Amino acid sequence: MSVHEVKLCLLGDSGVGKSSIVHRFVYDSFRPAMTSTIGAAFLTKTVIVDGTTYKYQIWDTAGQEKYRALAPMYYRGAAAAIIVYDITQESSFRATKSWITELQKHASPNIVLAIAGNKLDLDDLRDVQYSTALSYADKQGTVFVETSAKSAANIPALFMEISEATHQN
Ligand code: GDP
């Protein structure tokens, strides 16, 4: 049985929930509040989608997003990338554009791109409309899901969509 290895990186402004999404996916729990993303920058997780095994190698930015330009090794060989914004922070949604540009400069041209609008549990404080983000993602040709690392909403769906899209590549 074949195993698809998928190197995945997460991009987006600091504080949008990148590490929390990874933590939820890998450990199925909400990461307790931490000061910053220091520590393991690389995790693995194996999932089976439609009978196919995907072994994810996940690279977190480990706080390097503050410097905007990340190390080329971060993008090298990445099969998929999740660009995360916070649905309660319009500025983090606007910033997705420059994260996409950054990827286009450094990553493989056939990388699978997903946009995740995180903190869906804070719907009452929403600052970015679902329809706005969906039409933007459609234009960019990316997968789009609203997620909550806190409640786990749509985290499995996000990774299922990415798995299927990398398989088609
Ligand atoms: P990163 O800098 O993008 O890696 O963001 P973190 O994962 O460190 O999360 C930043 C802050 O947002 C932390 O206080 C998290 O607990 C919080 N957070 C992350 N995801 C969610 C979520 O889905 N809902 C809520 N309410 N808070 C979240």
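The values are calculated or read from the model by the stated rules, or taken from the named source; none is laboratory data. Please read all numbers here as calculations on a predicted model, not as lab measurements. Reconstructed Cβ throughout: ideal geometry from the backbone, glycine too, with neighbour counts over all protein chains shown.
Please enumerate the residues belonging to the range 90-110 that are away from the ligand (no atom under 16 Å from the Cβ) and surrounded by 21 or more Cβ atoms within 10 Å (Cβ to Cβ).
If the condition is that a residue be away from the ligand (no atom under 16 Å from the Cβ) and surrounded by 21 or more Cβ atoms within 10 Å (Cβ to Cβ), then Ala107 is the only one that fits.
Which one of Ala116, Ala81, Ala152, Ala157 is under 15 Å from the mean Cα position of the chain (by Cα) and assigned to a helix (DSSP H, G or I)?
On the way: Ala116 fails: assigned to a helix (DSSP H, G or I); Ala81 fails: assigned to a helix (DSSP H, G or I); Ala152 fails: assigned to a helix (DSSP H, G or I).
Unique residue meeting the criteria: Ala157.
Just to be sure I understand the filter: pairs with C-beta atoms under 6 Å, separated by 6 or more residues or on different chains, first member in the range 138-165 and without any contact (Cβ under 8 Å) to a residue 24 or more places away in the chain, second member surrounded by fewer than 16 Cβ atoms within 10 Å (Cβ to Cβ). Which pairs pass?
Filtered contacts from the range 138-165: no entries.
Could you tell me which numbered condition Ile21 fails, if it satisfies all but one of (1) at pLDDT 90 or above; (2) buried (at least 17 other Cβ atoms within 10 Å of the Cβ); (3) in a helix (DSSP H, G or I); (4) more than 11 Å from the ligand (Cβ to nearest atom)?
Answer for Ile21: the failing condition is (4).
If Glu102 satisfies every condition in (1) among the charged types (D, E, K, R); (2) farther than 22 Å from Val6 by Cα; (3) assigned to a helix (DSSP H, G or I); (4) under 16 Å from the mean Cα position of the chain (by Cα) but one, which is the exception?
Evaluating Glu102 over (1) among the charged types (D, E, K, R); (2) farther than 22 Å from Val6 by Cα; (3) assigned to a helix (DSSP H, G or I); (4) under 16 Å from the mean Cα position of the chain (by Cα) leaves (2) as the failure.
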